[in-house]
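Worksheet for the structure shown next.
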Amino acid sequence: MLLTWQVAGHGVLLGPDRHLLHAVLRRSAAHPGLNTPAHYLCKLGNIQAAVPVLFVAVCAAAWWGRRAGLGRWWLPPLAGALVMALVPLVVVTVKDGVHRPPPGSTHPDPSGYGWFPSGHTATSSVAYGAALLLLLPWLRGLLRRILVAGTALLVLAVGVALVWCDYHWPLDVAASWCLAAVLLPWVTAAGALAHRPREGEPPVTHEPPVTDSSGSPG
């Protein structure tokens, strides 16, 4: 909300935003060998790349939850799908309202397309983040820790790559991370509710289907 107000109202954060973009682009020009990997990282924010990952996690969470006997097994997968469905609605609405110019320009795009917030950052953050949250209750040990660290690094890398490749202003990326921070707790809440026994029901006890090689708890 604050970032949207700053960008729409040409607030004081736009100055640091420009300076940070220029600093990143100088680093990009000084290290051209990183440009190709950065472009591939940007592609991981495409719907075609991120949404199938979430779809697999939704299916896995539904399967494991139902097999474990959770009364509300359907709730976390539904929450994951709904928060992902909200992303294009929110992003397009804000883009149309703010109509921010592309990086390096002070004039809005004649086509009417806005750059704030970053759709690729929002898509990757919510899709990969929701997938992680859906799978976490069913993972243990080293695999769980690797998935948490890997997802965090991936989401960060996609956002940084979009600035590195001059596709977005830093505030575009930051706003989309904030959007993900608002949406993803609903997936966590749905998971907590699904695993809570209903009144009068005994707790569901089960072994998570996926552990590391040692089987040690995470």
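So how much slack lies between Q48 and S105, counting 0.36 nm per residue of separation and subtracting their Cα-Cα distance, in nm? Write out the running numbers ahead of the final one.
Values: separation 57, 0.36 × 57 = 20.52 nm, distance 2.88 nm.
Taking Q48 through S105 to full extension adds about 17.6 nm, to one decimal.
With everything on Cα atoms, drop me the angle between helix 14-30 and the longest principal axis of the chain, reported from 0 to 90° to the nearest 10.
So the inclination is approximately 90 degrees.
Can you order the peptides 26-36, 153-163 by their average number of other Cβ atoms within 10 Å per residue, highest first? Provide the component values of the computation, followed by the final result.
Working: 26-36: 10.7, 153-163: 20.9.
For the peptides 26-36, 153-163, the packing ranking is 153-163, 26-36.
Along the positive direction of the dipole of the range 13-78 (beta-carbon charges: Lys, Arg +1; Asp, Glu -1; about the Cα centre), which of L14, L70, L25 reaches farthest?
Working it through, the farthest residue towards the positive pole turns out to be L70.
Once a ≥ b ≥ c are taken as the square roots of the eigenvalues of the Cα gyration tensor of the range 6-73, is the result rounded (a/c under 1.5), prolate (a/b larger than b/c) or oblate (a/b not larger than b/c)?
Details: a/c = 4.54, a/b = 1.99, b/c = 2.28.
Verdict is oblate for the range 6-73.
What do you get for the angle between helix 141-164 and the principal long axis of the chain? Use alpha-carbon atoms, 0 to 90 degrees, nearest ten.
Taking the Cα atoms of the chain, the angle to 141-164 is about 20 degrees.
Roughly how many percent of the accessible protein surface of the range 48-140 is carbon and sulfur, given a 1.4 Å probe and a whole-percent answer?
On the way: 2980 of 4190 Å².
Within the range 48-140, the accessible surface is 71 percent carbon and sulfur.
For the chain, what is the accessible area per residue in Å², given a 1.4 Å probe and the full set of protein chains? Don't skip to the end; give the middle numbers.
Working: 11860 Å² over 218 residues.
Result: 54 Å² of accessible area for each residue.
Which value, in Å² rounded to 10, gives the accessible area of S111 with a 1.4 Å probe and all protein chains present?
Taking all protein chains as shown, S111 has close to 90 Å².
What value, in deg cm²/dmol to 500, does the helix sum -39500 (n - 2.57) over DSSP H runs of n ≥ 4 give at 222 nm once divided by the residues of the chain?
Numbers: 8 runs with 145 residues, N = 218.
Calculated at 222 nm, the ellipticity per residue is -22500 deg cm²/dmol.
Kindly rank 67-73, 187-193, 10-16 from highest to lowest mean number of other beta carbons found within 10 Å of each residue. Mind dumping the intermediate values first?
Working: 67-73: 15.7, 187-193: 18.1, 10-16: 12.0.
The densest-packed peptide leads the list: 187-193, 67-73, 10-16.
In whole percent, what relative contact order does the range 46-180 give with Cα contacts below 8 Å and a gap of six or more residues?
Numbers: 154 pairs, mean separation 39.6, N = 135.
Normalised by residue count, the contact order of the range 46-180 is 29 percent.
Helix 119-135 versus the longest principal axis of the chain: what angle, 0 to 90°, nearest 10, using Cα atoms?
The angle comes out at about 10 degrees.
The values are calculated or read from the model by the stated rules, or taken from the named source; none is laboratory data. Owing to the predicted nature of the structure, the values given are computational and were not obtained by experimental measurement. Every residue, glycine as well, gets a Cβ built from its backbone with ideal geometry; the counts of neighbours run over all protein chains shown. These area figures cover heavy atoms from the full protein model, side chains too; ligands, DNA and RNA do not enter into them. Shrake-Rupley method; radii C 1.70, N 1.55, O 1.52, S 1.80 Å.
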